[in-house]
1. Need the full-extension length gain, T91 to T65, defined as separation in residues times 0.36 nm minus the C-alpha distance. One decimal, nm.
2. How would you order 67-80, 89-102 from highest to lowest mean count of nearby Cβ atoms within 10 Å?
3. When the Karplus curve 6.51 cos²θ - 1.76 cosθ + 1.60 is applied with θ = phi - 60°, which whole-Hz ³J(HN,Hα) does each residue of segment 141-153 get, with x for Gly and Pro?
4. Through the Karplus equation 6.51 cos²θ - 1.76 cosθ + 1.60, θ set to phi - 60°, convert the phi angles of segment 68-78 into ³J(HN,Hα) values in whole Hz; use x for Gly and Pro.
5. Quick one: angle between helix 115-124 and the longest Cα principal axis of the chain, in degrees between 0 and 90, rounded to 10, please.
6. In which sequence would L123, L112 go, from the one with the fewest C-beta neighbours within 10 Å to the one with the most?
7. Using the Cα atoms of segment 68-210, I'd like the radius of gyration and the largest Cα-Cα distance, Dmax, both in angstrom.
Amino acid sequence: MSRAIAAVQTPGRRLRSEGKKAAILAAAEALFLAEGYERASVDAIAGRARVSKRTVYDHFGDKETIFLRVIERAHNAVTGTIRLAIDEELTPDRDLREALTGFAQRVVTRTLPSSDYVTFRRLTSQRWVTPELAEATRDRPERMLEERVAALVAAGEIRAADPGLAARHFTALTIGLALDALDAHGDAGAGESEVPTIIAAGVDVFLRAYC
């Protein structure tokens, strides 16, 4: 669909167009997860979305673009949950130790086990990262945490010459080590009892280094 045509779409047609795009992305995600990028065809995506192959090409151009948009959608969902965790856990009126602990535990036990994150990881493991893919999935969650750490520095809650480095230290000491413990056990649910202890120890080390 050309930009000129899109510009004169009525609200009803625009709504139907957005509905078709959403259906195409949902169909593509299911097929990419079930069959992999190479085996999932545009014909199959169109059939599952119940649209014509021409409609798929009009909206997205080619299969690689569809794949990129699917990954972006999953990444945006994950980013949204992390933003919510930052806003709800790392609040300025909360005890710092409690806030950092709550945020790390929420990310490990609720955000990363989510279907959106699992989908994102499964999709990005299928292909080499192209420049376009790298741009689409750039480290927005890390930057959001860096911004909140910078706010803590400005408020005098912590001392850090480099908020980005401090954010990475925090993530490594808490979320990273907790995920390593979960991965080491392998079985679903195994190692979960260790998470609070690991996160508490990581928060303690972080606060001793930066307060």
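Where a number appears in this text, it was derived from the coordinates with a stated rule and is not lab data. Since we're looking at a predicted model, the values are computed, not measured. Positions of Cβ are backbone-derived with ideal geometry, glycine not excepted, and every protein chain shown enters the neighbour counts.
1. Extra length from T91 to T65 when fully extended: 5.6 nm.
2. On the way: 67-80: 19.5, 89-102: 15.4.
So the order, starting with the most tightly packed, is 67-80, 89-102.
3. Each residue of segment 141-153 in turn: x, 5, 5, 5, 5, 4, 4, 5, 5, 4, 5, 5, 5 Hz.
4. 4, 5, 5, 5, 4, 5, 5, 5, 5, 5, 5
5. Tilt relative to the chain: about 70 degrees.
6. Working: L123 23, L112 19.
So the residues, fewest neighbours to most, are L112, L123.
7. Calculated on Cα positions, Rg and Dmax stand at 15.6, 44 Å.
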